[in-house]
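Working notes for the structure below.
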Amino acid sequence: MRIRSVIPGFVPAAGITLLLLGLLVLLPLAALVLRAASLGWSGVWDLVTEPRVLAALRTSFGLSLAAAAVNAVFGTLTAWVLVRYEFPGRRLLDAAVDLPFALPTAVAGIALAALYAPNGWIGALAAPFEVRIAFTPVGIFIALVFVGLPFVVRTVQPVLAEAQQDVEEAAATLGAGRIRTILRVVLPALVPAVIAGSAMAFARGVGEYGSVIFIAGNIPFVSEIAPLLIVVKLEEYDFEGATAIALAMLTVSFVILLGLNALGSWSRRRFGHAR
Amino acid sequence: MPDSMPAALLPPSATKPAAAPDIRARKRLRAPTEDPPLFRAAAIALAVFFLALFLVLPLAVVFIEAFGKGAAAFLEALREEDARAAVRLTLTVAAIAVPVNVVFGIAAAWCIAKFEFPGKSLLVSLIDLPFSVSPVVAGLVYVLLFGAQGLLGPTLQAYGIEVIFAVPGIVLATIFVTLPFIARELIPLMEDQGTTDEEAALSLGAGGFRTFLRITLPNIRWGLLYGVLLCNARAMGEFGAVSVVSGHIRGLTNTMPLQVEVLYNEYNATAAFAVASLLAGLALVTLALKSLLEWRYADEIAGTHRR
């Protein structure tokens, strides 16, 4: 392949890129696919449809979806507040949004477990009402909200910052009240960004491990997530089982993300002007 | 005493003459794009509550638990030989993984941003791939490749090379999960900057490598630093992928996050949170430097660097 350009260095740069990508990412992923291929379709299917595996996949995907939905609402609200309002501590709050990206997941995990355990600060508040948060699926949900929090905020923020306020003025001159303008004019323009951010939060949630396992309780069929079940299978030297779950997670995430992408492009057509 | 208080010490409102009643002060007209005050206050309060609950409280609990039994217990936990071995291993892993990522990030950004070639968008998607793979799966693929029953494991073992349950596996898994960080930061930045600066240098007779060192590198330095910052935070904090390949051998293959897990599972909460507080401190420093870069060099780092 001949690349015509006055800039030199294409061959070494592309060579380094492909070599590292191939050896460190593609080759190991190929090992996963090869291992699954040796099981055959029916072999993979039997392993994935085991009741305990199905329960774990349901837990991971269901709770990630719920957490992404909460983040869609509160992430949009947070982005709105950070972009549109000026108040003391705004910049600090803005910087703090990235904390779940920066804080190691194991640290977040033990901190959340300590907070929501029956003797923790928040767990103790819920305990008198016989409500248990840590070591139940609710705990998993809390951890997934934490890890997904920055995604929606950070995708909606730039769109909101660039949005022209003249459409809002137009709505106001046509007699719409402020709340109605926000609901009917501003929010629809944000829909594509909210969907994109929620999709990222969802994908992250499905694969999340470190921040979940400490607060989850990890009871099979109840609060066991799919990534943990992979680790459990590996500890039992059940490589086939681990491979099948990994393949199922990759496939389902891929299909769901494709669907969300389609939804995203539909909403961009439907709601127009946002990028 | 109050009589002799100088006017400068009094609150400003006390020295100001009472303002004439202003009709607009009583019923100020709102701009059409301004939200009702109640709506605004409620939105701010709700967002602050949400962020305090999910961000500030977990962070606070780490430090409070770490120092809960006094500074002596905190220092004692960090003086532990296993804890020090974990710190050393984490620093070693980051010292290998981050430079590899720098080389990869610059090489990938150079060919993607400065050249047109078929299959470019596929390459960009492949670079992003590790972000959409669960960390546990990232660890698993290395076990399937290099483990005792893996594709290459038995061959390497015959030569006495251990990858899984050893430091090389930890380094490889860390590179896997951090690989996109620097490339993702540099690609949009270098695409924005175009090739005119380099073309000028080349036409004036500079060699390719000299052009890169003297023109490209200074142009991307803040973006590169930004990427290194995020990459390093993830490399030092990675848990899932490393956990799968490490084998949790105390003093040998436990990184700091793994040491946190081991101590926590042994109900040694103070020691677990002491090690965790070091990682939380790293996260805070990362966030502070990142905000500083965003604020000071906003034009010299890529616009969308979220993830």
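Things worth noting here:
- A Cα-only calculation for the stretch A:58-223 places Rg and Dmax at 18.2, 59 Å.
- Over the protein assembly as shown, equivalent-ellipsoid semi-axes from the Cα gyration tensor in Å: 41, 33, 27
- Averaged over residues, the count of other Cβ atoms within 10 Å places the peptides A:99-108, B:77-86 in the sequence A:99-108, B:77-86, highest first.
- Nearest 10 degrees, 0 to 90: helix B:37-51 Cα axis against chain B principal axis: 30
- Whether the stretch B:229-291 is rounded, prolate or oblate, judged on the alpha carbon gyration tensor where a/c under 1.5 counts as rounded: oblate
- Rg and Dmax of the stretch A:171-275, Cα atoms only, in Å: 20.3, 69
- Rounded to the nearest 10 degrees, the inclination of helix B:57-67 to the longest alpha-carbon principal axis of chain B is 70 degrees.
- Placing unit charges on the Cβ atoms of the charged side chains and taking the dipole of chain A about its Cα centre, the candidate lying farthest along the positive direction among A:Ala31, A:Gly175, A:Phe239 is A:Gly175.
- When you count the other C-beta atoms within 10 angstrom of each residue and take the mean per peptide, A:175-185, A:116-126 line up highest first as A:116-126, A:175-185.
- Peptide A:226-235 shows a mean partner chain C-beta count of 4 within 10 Å per residue C-beta.
- Simple spin-label estimate for A:Arg52 and B:Asp192 gives 5.0 nm between the two label positions (7 Å along the Cα-to-Cβ direction from each Cα).
- Low-density loop positions, GluC sites (Glu not before Pro), the stretch A:204-275 - DSSP coil, at most 12 other Cβ in 10 Å: A:Glu236
- In the stretch A:58-223, the portion of solvent-accessible area held by carbon and sulfur atoms comes to 67 percent [1.4 Å probe, whole percent, DNA, RNA and ligands not counted].
- Projected-area average for chain B over all orientations - Cα convex hull basis, square nanometres: 29.4
- Hydrophobic, long helices, defined as DSSP H runs whose alpha-carbon span along the helix axis is 15 Å or greater and whose mean Kyte-Doolittle value is at least -1.0, occur in chain A at A:10-21, A:27-48, A:51-84, A:105-116, A:137-162, A:187-207, A:239-271.
- Global geometry of the stretch B:51-94, whether rounded, prolate or oblate, following the gyration tensor of its Cα atoms and the 1.5 cut on a/c: oblate
- The charge dipole of the stretch A:97-227, taken about the Cα centre with unit charges on the Cβ atoms of Lys, Arg (+1) and Asp, Glu (-1), comes to about 160 debye, rounded to the nearest 20.
- Peptide ranges B:282-295, A:66-79 listed from the most packed, as the mean C-beta count within 10 angstrom indicates: A:66-79, B:282-295
- With all protein chains kept in place, the per residue accessible area of the protein assembly as shown amounts to 47 square angstrom at a probe of 1.4 angstrom.
- The smallest convex shape that holds all Cα atoms of the stretch B:79-185, its convex hull, gives 136 Å³ per residue.
- Enclosing the Cα atoms of the stretch B:117-180 in their convex hull gives a volume equal to 100 cubic angstrom per residue.
- On the principal axes of its alpha carbon atoms, the stretch B:119-262 extends 56, 34, 27 Å, with the longest extent given first.
- Rounded to the nearest 10 degrees, the angle from helix B:180-193 to the longest Cα principal axis of chain B is 70 degrees.
The values are calculated or read from the model by the stated rules, or taken from the named source; none is laboratory data. Fair warning: this is a prediction, and the values are worked out from it, not measured in the lab. Heads up, the Cβs are rebuilt from the backbone with ideal geometry, glycines too, and the neighbour counts pull from every protein chain shown. Heads up: the accessible areas ignore ligands, DNA and RNA and are worked out on the full protein's heavy atoms, side chains in. Shrake-Rupley method; radii C 1.70, N 1.55, O 1.52, S 1.80 Å.
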